[in-house]
Every structure is written in C-alpha cells, then in structure tokens.
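None of the figures in this text is laboratory data; all of them are computed from the coordinates on show. A quick note: this is a predicted structure, and the numbers were derived from the prediction, not measured. All Cβ positions, even for glycine, are placed from backbone atoms using ideal geometry, and neighbour counts span all protein chains on display.
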Amino acid sequence: MREPSGIGQTYGAVRPKTVVVDALPAPAKLYARALSGLIKRGRPSQLPALRLVRPAALLEPAAIERYARVCGFIPEHGVPLTFPHLLAFPLHLLMLTDPAFPWPALGLVHLANHVRLRRPLAYNEALRVEVEFGALLRHDKGQAFVLHTRLYRRGEAVWDGDSVYLKRGAAPTGDPLAALEIERDALQRVARWQLPAQLGRDYAHASGDYNPIHLTTLTAKAFGFPRAIAHGMWTLARSAAALQPPKPLAEAVISAEFKLPMLLPGDASLWTSSPSLTTRELEVRDAAGDKPHLRGRFQWTPL
C-alpha cells in the first residue's frame, strides 16, 4: 500500500504529554469550546506537544449501522473503512480547541485525509484511540498541519488516519504539502448522486460532526457559504462505499484531497478508473463533470 508523501512525520522533537480521556464531552460542549476560541491573537504557529487517548472505544453495531446507512455502505462490507474516524473525532475537537492550539478551530479548512486499514475490524471490539499533532506543512494559502490518529487492538496497530488542515492567511513554515496525482484523463463517470438538503444534518447525527457550515443555510452563511455544504468525510466515505467490492477488507488505503465545497441540496457525479484490479483512482465532481469536489485513490486487499 502506497503512503502519501509529506504527511507522515511527527511534528517537533518534544515528547508529547499524554492525557487519557475516559469520558467524552457532549458535542454541544465541544462546539461551545470551539465558539469560545474564535478570537486568538498573536499566537505563534506552534502546535502543542499533546497526545489524547481513549483507552477503550467500542465499535458499536448500532452506531456503525447508522453511519453505514447515511454513507451508502452495505452489510457485506462489515465495519466501514472510514468509520474509525468517528471514534477519534471528539479527540480531534479537543485537540483543536486546546488553549495551547494557536488558531480558532472554526474556520480551519480540511484539505486532505489519508486512511489506512492495517487489520480487519469486527463489531463490538474495543480499540485504543490515540491522537496527536503531526508536521507543519507549507501551503500557498497559509499554514497547513497534520493531525494523526492511531487505533490499537491489544497493542497491535489496526488503523491509521491522517487529517490535513489549513489555517488561511497564517505565515507558512515546514515542507510543502505534496499533491495527490492521478490520471484524470482516464476517469469515467460511474455514478450520479442526488444530495438532499438534510444530508449535512443526517451525517452530523451519525458522526457527531456538528460544524455549522454543514447544517443549515443560515448557519452556513455565517461562515461565508451561500448554503450548507456536505462534509468532506461523508464524500470520502460515500466514494469508498461505492467502490468497495461487496466483502470485508483485510487491508486498505484511501487517500483524498478535498477540493471545491459541495452545496446542499445538489447533485454530484463519481468518476473513476482502474489502474489495477484492486486500485481505483477517483474524483467526485459536480453533475456536469466539470468541477472537482474530491480527488482520491483507493487500494485494498480483500479478505
């Protein structure tokens, strides 16, 4: 499985402080923290040396079923490849709203995501979730950075996730963020999706991601969007669900860059090519097939 360049390094040489989170705050409390941190002035672009840990996060069947239904996975897929991101998401919000984090959490742009399934997952397993900051990366629109997620089962690494975010306008430092390159001319349209107005709210209920830009026209307009936009992680999950064969996976890697926002309600199209039997390059575009919303690559090994 191929790893993307530029997002795997750990930020800094300081050993992070480990904090165990036994009880997660309610989503409302997490977003209240985010709103209270909207103004941060004069902070250096330095990420806190912090690691948050959930010792035993359950792969709960009811939560998985709710997520699968919203994202298009079928029972034959087993635990969806992208579902473990939800186990880490509350820790992500805690990291991004930590007083030592230099920027407001609301307003950060989710640029890219990389997911690696190392071992098959099963319902009702309890996994250890660890989250910490990775590298600072240079971007032409500001400062990008990585948030690492690692999941363990009885000490064995089973799933990784790297989320890349951008703080627009911040003076950039670090290595340049490498772009994901695919053969766009080889892509062919394989599906069209109708995206209902409530999609952002449906995914929020399934995922716990209640960022206001995804919920209603009114809350999205407060952040400069004409109406609500689809979650990038929904788009990634919907693409994986559409392309995964109807069987569980032994290993898999899916990498994606988030491009133009996808307005709700709206229409989208899935374009893909097959460099090999177990590799798909892909884009999610607008209905006309002109504007990209997501660009990615999906590789897998079936069970």
Checklist outcome for this item: Candidates I182, I254, I229; GNM for the chain (alpha-carbon contacts under 10 Å) flags as most fluctuating I182
Checklist outcome for this item: In this structure, the FRET efficiency calculated for A250 and R184 from their beta-carbon separation, with R0 = 41 Å, to the nearest 0.05, is 0.90
Next on the checklist: Defining a contact as two alpha carbons under 8 Å apart and six or more residues distant in sequence, what relative contact order in percent does segment 17-302 show?
Outcome noted: 19 percent
Checklist entry - For the residues V164, V284, V21, V70, what sequence is obtained by ranking on other C-beta atoms within 10 Å, fewest first? => result V21, V70, V164, V284
Checklist outcome for this item: In nanometres, the difference between 0.36 nm per residue of separation and the alpha-carbon distance of R15 and S276 is 89.9 nm
Next on the checklist: Just to confirm the filter: which trypsin sites (Lys or Arg not before Pro) across segment 70-156 are DSSP coil and have at most 14 other Cβ within 10 angstrom of their Cβ?
Outcome noted: K141, R154
Checklist entry - Highest GNM mean-square fluctuation, the chain, Cα pairs closer than 10 Å: which of S276, S207, S239? => result S276
Item to check | Exposure proxy order (Cβ contacts within 10 Å, fewest to most) of H92, H231, H214 | outcome: H92, H214, H231
Checklist entry - When a footprinting reagent is the concern and you count Cβ atoms within 10 Å, what order do D267, D98 take, fewest first? => result D267, D98
Checklist entry - Straight-line reach from K221: which lysines have Cα under 25 Å away, leaving out those fewer than 8 places along the same chain? => result K29, K40, K141, K167, K259, K291
Item to check | Label-point gap, in nm, between R119 and R154 - each point 7 angstrom along Cα→Cβ | outcome: 0.7 nm
Item to check | Projected label distance in nm at T173 and A288, using a 7 Å step from Cα toward the beta-carbon | outcome: 4.3 nm
Checklist entry - Which chymotrypsin sites (Phe, Trp or Tyr not before Pro) in segment 186-250 pass both tests, a DSSP loop state and at most 15 other beta-carbon atoms within 10 Å? => result F223
Checklist entry - Can you give the helix-only mean residue ellipticity at 222 nm for the chain, where every DSSP H stretch with n ≥ 4 adds -39500 (n - 2.57) and the sum goes over all residues, rounded to the nearest 500 deg cm²/dmol? => result -6000 deg cm²/dmol
Item to check | Estimated inter-spin distance, T301 and H110, nm [label 7 Å along Cα→Cβ] | outcome: 2.8 nm
Item to check | Three-way shape label, the chain, alpha-carbon gyration tensor, a/c 1.5 | outcome: rounded
Checklist outcome for this item: One finds the C-alpha centres of segment 153-173 and segment 68-91 to be spaced, in Å, by 18 Å
Item to check | For the chain, built as a Gaussian network whose Cα springs stay under 10 Å, the top-fluctuating residue of G107, G224, G208 | outcome: G224
